[in-house]
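Any read-out appearing in this document is the output of simple, stated calculations on the displayed coordinates, not a laboratory observation. Quick caveat, the model's predicted, so the values are computed rather than measured. Using ideal geometry, Cβ is built from the backbone for each residue, glycine included, and neighbour counts are taken over all protein chains shown.
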Amino acid sequence: MSVVYNPEAEIMGRIEALELESRDLRRKVEHACNAEDKKILNRQLDELRIEIQFLQSKLDKVAE
């Protein structure tokens, strides 16, 4: 049996992993001790959101 490469599945898997990472970061933001830690964590969270949006748009293009 041969395995067929499915780019959609790969992108969806990456999005799911990034969403899990985002959830973890949100928890860390809630428990951060100082403003500098929160600022850094929020910046990382924003970067993850941007990457998720990029992958979602890429997924939408693949689906067309």
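Straight-line reach only, C-alpha to C-alpha below 19 angstrom: list the lysines that K61 could link to, leaving out same-chain residues fewer than 8 apart.
In chain and number order, there are no partners.
Provide the FRET efficiency to the nearest 0.05 for the A32-F54 pair, computing r from the beta carbons and using R0 = 22 Å.
With R0 = 22 Å, the Cβ-Cβ based efficiency is 0.25.
Rounded, prolate or oblate: which fits segment 7-63 when a ≥ b ≥ c are the square roots of the eigenvalues of the alpha-carbon gyration tensor, with rounded for a/c under 1.5 and prolate only if a/b beats b/c?
Details: a/c = 5.29, a/b = 2.64, b/c = 2.01.
Taking the square roots of the gyration eigenvalues as a ≥ b ≥ c, segment 7-63 is prolate.
How tilted is helix 7-31 with respect to the longest principal axis of the chain? Cα atoms for both, answer in degrees (0 to 90, nearest 10).
10 degrees
Rounding to the nearest 10 and keeping the result within 0 to 90°, find how far the Cα-based axis of helix 35-63 lies from the longest principal axis of the chain.
Long axis of 35-63 versus the principal axis of the chain: about 10 degrees.
Starting from the Cα of R43, step 7 Å along the direction of its Cβ; do the same at N6; then give the gap between the two resulting points in nm.
3.9 nm
Considering the options Q44, A32, A63, tell which one lies farthest towards the positive end of the dipole of segment 7-63, charges being +1 on Lys and Arg and -1 on Asp and Glu at the Cβ, about the Cα centre.
A32
What's the local net charge at K58, with K and R +1, D and E -1, over the other residues with C-beta under 12 Å away?
The answer is -3.
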